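A quick write-up on the structure given underneath.
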Amino acid sequence: MDSGESAYLVSAVLFAAGALGSLALRRRVAVCNGAAHGAALLGAAAALVAALRVLLGGEALSVTLGQTFPFGPWAFRVDALGAFFLLAFALSALAASGYALGYVREFYGRDFFALGAAYNLFLLSLLLVLGAGNAFTFLVVWELMALTSFLLVVFRHREAGVTRAGFVYIVMTHAGTACITGAFLLLFRATGSLDFSAWAAAAAGGTLPAGVRTAAFLLALAGFGAKAGVIPLHVWLPLAHPAAPSHVSALMSGVMLKVAVYGLLRFLPALGPAEPWWGAAVLAAGAVTALLGILYALVDVDLKRFLAFSSVENVGVILLGLGAALSLQGLGLPTAAALALAASLYHVLNHAVFKGLLFLGAGAVIGATHTGNMDRLGGLARRMPVTSFLFLVGALSISALPPFNGFVSEWLTLQSLLALGLLAPSAVLEILAPVGAAALALTGALAAAGFVRAYGMTFLALPRSEAAAHAAETSRPQRAAMVLPAVLCLALGLAPGWVLRLLTPAVAAWTGAAPVAASGWGAAASVGALAGRITPGLLFALLAVPGIAALFLLRAAARQRPERLGPTWGCGIAPTPRMEYSASAFSQPLRMIFRQILRPRPELEARHEVSPYFACYLRYRTEITPVFERYLYGPAARLLVEASQRLRGIQAGGIRLYLAYILATLVFLLVVAL
Amino acid sequence: MTLSQLLPAMGLQAALVLALAPLLQGLIKKIKARLQNRQGPPLGQPYADLVKLWRKAPVFSEHASWVSRVAPPLGLVAVLAAATLIPTVFAGLPLAPAGDVLAVTMLFALARFFTALGGLDAGSAFGGMGSSREMALSALVEPAMLLSVFTVALATGSTDLNAMVAAGAAEDPAAFLSPSHLLALAGLFIALIAETGRIPVDNPDTHLELTMIHEGMILETSGRYLALAQLTHMVKQVALFALLANVFLPWGIAAGWSAGALAVGAAAFLAKLAVLALAVAATETVQTKMRLFRVPDLVGASFALSLLALVSGRVLR
């Protein structure tokens, strides 16, 4: 057993030990906290070692743990693709576990041990799902992941709305698991085996019938899409992510959504060569998800729900890259497909890092002020300087601004969409692909608008409530844990060549071609006739050198004419927090512009005494129509309940009726068997 | 390109852009004034304004954080970096490996991000309104601008600005009368008006809260920081003019380092800037400022023109 495999096993053992230790130490909460999250930290470090061993060493690691069920052995295999996702997992888990050491102190109480135990089991399930070698192992660990994350989501069950969030989440995740199981079973019937490598071999042979492939593709897209948060299966995301404790939200957004993407990537090659419409379907799903995700994010004033919808948008961007890769693969252009897949995987890693940072920062803010409503925050840049600076780094990264990492993955995704437009033989794709690239630019710009709003409302200007006015900086473990993703945001942005080298084995295995030519500091997209280059390091130098010069000039000028302070101009009235722009006000132009999609419903109640122009009481309320809940899920749920109530009629209660049912079933089975 | 060649080239391009930016602003104001039957300020007035502002002490809001101090210099640095990536006089820029047209757009976005944060920092309603409108409108303008640039990028097969300009300069001049090219030019011109904040999108001459988007964000900026913010706006203007001029009308741009070619390139660049200044000033004089919620229609028109350019380029090939 080589070092990679032992690191993987050590990681699993550490997570399990953390869970058991948490249970054992349930009476002494501080020790329980240290033990559980310390074990999680060590386990994450071991997972990082395992991931790097596979990515840099080139050898996949595989561990088989015997067989207890007839469906197959407990086989684990981490190849390059799984190792890349494992890398994202390990980095997120390191930050979240370190953060948790300080953050969970507010949850100390009788049932605190459940948090530590469920958290470690959640990490264990994520570790194992990324290495599952056959369908049976995958489904078992997938279900473990769903259950542990459910426990974590409903941990704060005494707060309003949390149990409902957990309910919606558990229903949606099981619906998704049902679809995935259906897809797996279809392939099992066609190939006779549950092993992923056996499926890949059968697919290469081209023996699957077309109907099975289409059905399996749709089921997989629905199932993994429900877990990833693809619209319209996303309704659980904005409920569950804010309800969970913030370090768990960071992991759910950063890693669990990507595990669904990993599942899709793992499953698709088993279906053989991609049909042309598969890529188009994934592209369409990605575009709709990205656009609607960011639009719903922009109109939400709760900080964590805003971040959750932003995760939906980023999943859409990842799917855009994936869809482009599928389409290009289907068109027989493996080099271009490699570029698109590289863009998608790069964004997976980037999003895990910066979304984790943003959720951890949001947790710090909510912990300090006890409110997540941006209309009640403000002025925290003075009171929480470290948190605000690190949150700004995360906001800059997610808005795809140079020199941070989001810029590189957005650039790669745009280049791959342009490559699709340039190299596609059909005129439709040649026109739609650049339009898709422009739509991606739209979502990027909207995301920047959203994060200007989020950072500005939360941290700048005057505090809008008493709680915000008395906020204090977070604990040391929390600040230290947030520094790691912030540094990674800059590092992953300045050295894209290194990251591309890490994901080359995965991309090469999936598409059969190596992606872009890249040196350590630059990234180039040379695909057939398309060529473009960026060197973020040079951009950083272009910004830093004149920037430092400008700061020196300003400092020199300040010696002769120093700055003065004065009140903000408010037309002669002393400024109060009520005069500031609020989060809902900031997004009002966008609400108006996109009103056909968002369907805002404003309510204005005005009371006056003398004249309508001098109102003495104004009440304004605006609500976004919950389109999916009202027109899709509401009717579906009502239909289900109605159908169940009709079916209840057969439960009349009389024992003679039930005996008659048994007799009828027996006769029916005899007739069918004979 | 060695470091010893890189730094002078970078410095020269930045110096050229910094020197030309206030002159271009002065030229547009002068043309507008003449079209409106006025004398107008002298051409060098923006230089005098900047020097005057630099000499004044700034006043900051007592609620403002470090963001207000960092935003103006960072915005200037970002647009200057973008401007050094756009070919002006010379086609083969040494800094080409640093970024392409997408990097230029993102650098503008970086400047805009910090300017918008600066607008929110003082806690005034004017700043909030400016930031909110700016982010909303720029979100719409960016895809329109990119789509028209993509038309050229797809035709030349590269998003690299040097390659686009070189390919355009090598082409037959008659190709510029193709519908695809003209439509993309029109689309980018409308996007340019929106990005530089000119009538009919925004009024750069007033400080009335109902008309200001850009002015609203920098309302609380004063003294030398206001000089930096105004210079940022001017540099962004000249950079966008250079982008439109050299990507769509690349005649005359210098292909080599010889003195003759550089002189011709410089003259061509100044002539193109002057023509664009005339076009922008004429548009500002003839048009009235649009209501804020009509601006998306205008940007939609730009997007539609670029889309037509794409379609006609494909159909007529």
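Quick notes
- Taking other residues whose beta carbon is less than 10 angstrom from the beta carbon of A:Glu563, and scoring Lys, Arg as +1 and Asp, Glu as -1, yields +4.
- Separation of alpha-carbon centers, segment B:186-208 and segment A:313-378, rounded to whole Å: 33
- Note on segment A:1-87: Kirkwood radius taken over Cα pairs, Stokes-Einstein applied at 20 °C and 1.002 mPa s, translational D equal to 153 µm² s⁻¹.
- Accessible-area composition of segment A:546-669, carbon plus sulfur, in percent [1.4 Å probe]: 64
- Residue (of A:Ala643, A:Val261, A:Pro334) at the positive-pole extreme of the protein assembly as shown, dipole from beta-carbon charges: A:Ala643
- Excluding exposed DSSP-loop chymotrypsin sites (Phe, Trp or Tyr not before Pro) (at most 13 other C-beta within 10 Å), longest clean stretch of chain A: A:109-612
- Net charge in the neighbourhood of B:Pro97 (other residues with Cβ under 13 Å of its Cβ; Lys, Arg +1, Asp, Glu -1) is -1.
- Near-label residues of segment A:344-367 by backbone N, under 18 Å of a point 7 Å along Cα→Cβ of A:Glu473: A:361-367
- Considering only the Cα atoms of segment A:596-674, their convex hull presents on average a projected area of 11.7 nm².
- Rounded FRET efficiency, nearest 0.05, which uses the C-beta distance separating A:Ala160 from B:Val51 and R0 of 45 Å: 0.15
- Geometric descriptor of segment A:290-393, per residue, is 82 Å³ (volume of the convex hull of the Cα atoms).
- Peptide A:371-382, shielding by other chains (average Cβ, 10 Å cutoff): 1
- Considering only Cα atoms, the convex hull volume of segment A:55-209 works out to 139 Å³ per residue.
- Within the protein assembly as shown, antiparallel bridges make up roughly 80 percent of the DSSP beta bridges whose residues both belong there.
- Per-residue ellipticity at 222 nm, computed for chain B from helices alone with -39500 (n - 2.57) per DSSP H run of at least four residues, works out to -24000 deg cm²/dmol.
- For segment B:36-101 versus segment A:533-580, the gap between their alpha-carbon centres in whole angstrom: 13
- Cβ neighbours within 10 Å from other chains - mean over B:148-155: 4
- Label-to-label distance for B:Ala304 and A:Arg564 is 5.3 nm, based on points extended 7 Å past Cα in the beta-carbon direction.
- Label-point gap, in nm, between A:Tyr658 and A:Ser197 - each point 7 angstrom along Cα→Cβ: 5.1
- Separation of alpha-carbon centers, segment A:417-444 and segment A:229-291, rounded to whole Å: 21
- Binned Cα-Cα distance frequencies in segment B:221-317 - 5 Å width, integer %: 3, 10, 11, 15, 18, 17, 14, 8, 4, 1, 0
- Where the alpha-carbon atoms of segment A:539-658 are placed on the principal axes, they occupy 101, 60, 29 Å, in descending order.
- Seen against the Cα atoms of chain B and their longest principal axis, helix B:161-170 is set at about 40 degrees.
- Helix-only mean residue ellipticity at 222 nm for chain A, each DSSP H run of n ≥ 4 adding -39500 (n - 2.57), per residue, nearest 500: -23000 deg cm²/dmol
- Calculated FRET efficiency, A:Glu609 to A:His370, Cβ-Cβ distance, R0 = 41 Å: about 0.60 to the nearest 0.05.
- Cα-based Kirkwood hydrodynamic radius, segment B:43-190, one decimal, Å: 17.9
- Placing pseudo-labels 7 Å out from each Cα toward the beta carbon at B:Leu35 and A:Arg619 gives an inter-label distance of 5.2 nm.
- Calculated SAXS-style log₁₀ I(q)/I(0) at q = 0.07, 0.10, 0.11, 0.12 Å⁻¹ - chain A, Debye, Cα scatterers: -0.49, -0.97, -1.16, -1.36
- Take each residue of peptide B:45-55, count the partner chain Cβ atoms within 10 Å of its Cβ, and average: the result is 1.
The values are calculated or read from the model by the stated rules, or taken from the named source; none is laboratory data. Just so we're clear, the structure is a prediction, and the values are computed from it rather than from any experiment. For neighbour counting, all protein chains shown are included, and Cβ atoms are generated from backbone atoms with ideal geometry for every residue, glycine included. Accessible surface areas use protein heavy atoms only, side chains included; no ligands, DNA or RNA. Shrake-Rupley method; radii C 1.70, N 1.55, O 1.52, S 1.80 Å.
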